[in-house]
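Right, one structure below, let's go through it.
The values are calculated or read from the model by the stated rules, or taken from the named source; none is laboratory data. Values in this document were obtained by computation on a predicted structure and should not be read as measured data. Cβ coordinates were reconstructed from backbone atoms using ideal geometry, including for glycine residues, and neighbour counts include every protein chain displayed.
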Amino acid sequence: MKKIEKKIMEKWYLEILPEFSVLYDYKNKVTFTDFASAIEKKYGGDKTKHIIFLKNMDSKNLLKPVLDLMKNGYKKVEKKQDEGKEREFVAETMRRIYKQGLTTISGGNISFRNSDGFIFLTASQTDKSCIKAEQIIIFDQNYKNLTPDLKPSMESSMHLKIYKNRADISAIIHSHPIYTSTFSILKQKINTAITGEAAYILGEIAEINYALMGTEELADLCCKELQTKNIGIMRNHGAITLGKTLTEAFDRMEVLEFTAKINFNLLLANSEYSQLNDNQIKEILKLKNGII
Ligand SMILES: [Zn+2]
């Protein structure tokens, strides 16, 4: 991409409303005047207030309409206000995960999908203890990286494939917490029937077979095992949690690690312990499902 194209693309919000993409087809079948008058009809005559969304356009097609708009006095489109907030929230959550001891400075990656379908993902090779908003990658709804200067996390494919598969979730956290990672190596499951919190928050945990980190194979395994479950232990690697919000995914990761630590202590204690019985678990699930 030429420098000028790149500069323009960075400044303009890359989305076009479908009715305009049809009308102004960028092959000069429709004049710019027709295009502009359609925009004015929809948004009124004040050019300074127009917001033109340019969507799904490759750079070659994008350049001309953007230049035409600029020449004709249209203001550049500002990025959505909340986009910065979303990047900041993802960065803040990543720093919180590190501070909580749930991952190392180089390990782990997290993402969030907003209501427009944009995905915000931590960049590769960043210090997770002090990651900043500008180190969060933005993907559009077609998984195109709108921040090409940032290198996506090595597990970006895992995040994107899960989002494609799970319309019901909006946040993914992958990290390497010490006790959960210990159980990813031990040939023993984490028992969640030990406290109400573990049974309520964790429920059934998916077991994800080993595959080399950063590979499509690992991404596919995670997708396969997390079709309905929201928590997975990745063999000889770490953990992954999904949620409707980043806070929910964070809560699941923290409770998972907390429960793994209790399980490990129980192993060390090497003594009898009381486990929640079937009726007690059923009662917790009823509470969870709002039945009682
Ligand atoms: Zn990892």
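Annotation: Ile131 fulfils all but one of (1) touching a His at 6+ places or on another chain (Cβ under 9 Å); (2) within 16 Å of the ligand (Cβ to nearest atom); the unmet one is (1).
I need a count of the residues in segment 164-196 that are within 22 Å of Ala211 (Cα to Cα) and either free of Cβ contacts under 8 Å to residues at least 60 places away in the same chain or not in a helix (DSSP H, G or I) (or both). Going through segment 164-196 one residue at a time, the tally reaches 16. On the stretch given as segment 162-203, residues that are small (Gly, Ala, Ser), within 16 Å of the ligand (Cβ to nearest atom) and more than 30 Å from Ser115 (Cβ to Cβ) total 2. For segment 271-289, a residue qualifies if it is outside any helix (DSSP H, G or I) and closer than 16 Å to Gly203 by Cβ, and the qualifying residues are Gln275, Leu276, Asn289.
Taken together, the residues in segment 117-160 that are part of a helix (DSSP H, G or I) and surrounded by fewer than 17 Cβ atoms within 10 Å (Cβ to Cβ) amount to 2. Look at Leu212 and say whether it is crowded, with 18+ Cβ neighbours inside 10 Å and within 16 Å of the ligand (Cβ to nearest atom). For Leu212, the condition - crowded, with 18+ Cβ neighbours inside 10 Å and within 16 Å of the ligand (Cβ to nearest atom) - is not met. If only residues of segment 243-265 that are closer than 14 Å to Thr93 by Cβ and surrounded by 23 or more Cβ atoms within 10 Å (Cβ to Cβ) are counted, the one that is nearest to the ligand (Cβ to nearest atom) is Met253. Only a single criterion out of (1) within 16 Å of the ligand (Cβ to nearest atom); (2) surrounded by fewer than 21 Cβ atoms within 10 Å (Cβ to Cβ) is not satisfied by Leu102, namely (2).
A residue that is within 16 Å of the ligand (Cβ to nearest atom), assigned by TED's automatic domain parsing to the domain that holds Leu256, among the polar types (S, T, N, Q) and within 19 Å of Gly214 (Cβ to Cβ) occurs somewhere in segment 140-156. Leu121 falls short of the stated requirement of being touching a Gly at 6+ places or on another chain (Cβ under 8 Å) and within 16 Å of the ligand (Cβ to nearest atom). Filter segment 227-237 down to residues that are assigned to a loop (DSSP other than H, G, I, E, B) and within 15 Å of the ligand (Cβ to nearest atom) and give me whichever is farthest from Asp168 (Cα to Cα). Taking the candidates together, the pick is Asn236.
Quick one: in segment 109-123, of everything that is touching a Leu at 6+ places or on another chain (Cβ under 8 Å) and small (Gly, Ala, Ser), which residue is modelled with the lowest pLDDT? Selected residue: Ala123. Filtering segment 238-256 for residues that are in the same structural domain as Arg87 (by TED's automatic domain parsing), part of a helix (DSSP H, G or I), modelled with pLDDT of 95 or more and basic (Lys, Arg) leaves a non-empty set. Evaluation of Ile194 against the conditions (1) β-branched (Val, Ile, Thr); (2) buried (at least 19 other Cβ atoms within 10 Å of the Cβ); (3) farther than 28 Å from Asn109 by Cβ shows that the sole unmet condition is (2). Taking the listed residues Asp278, Asp220, the one that is more than 22 Å from Ser106 (Cα to Cα), within 16 Å of the ligand (Cβ to nearest atom) and either acidic (Asp, Glu) or not assigned by TED's automatic domain parsing to the domain that holds Pro177 (or both) is Asp220, with no other qualifying.
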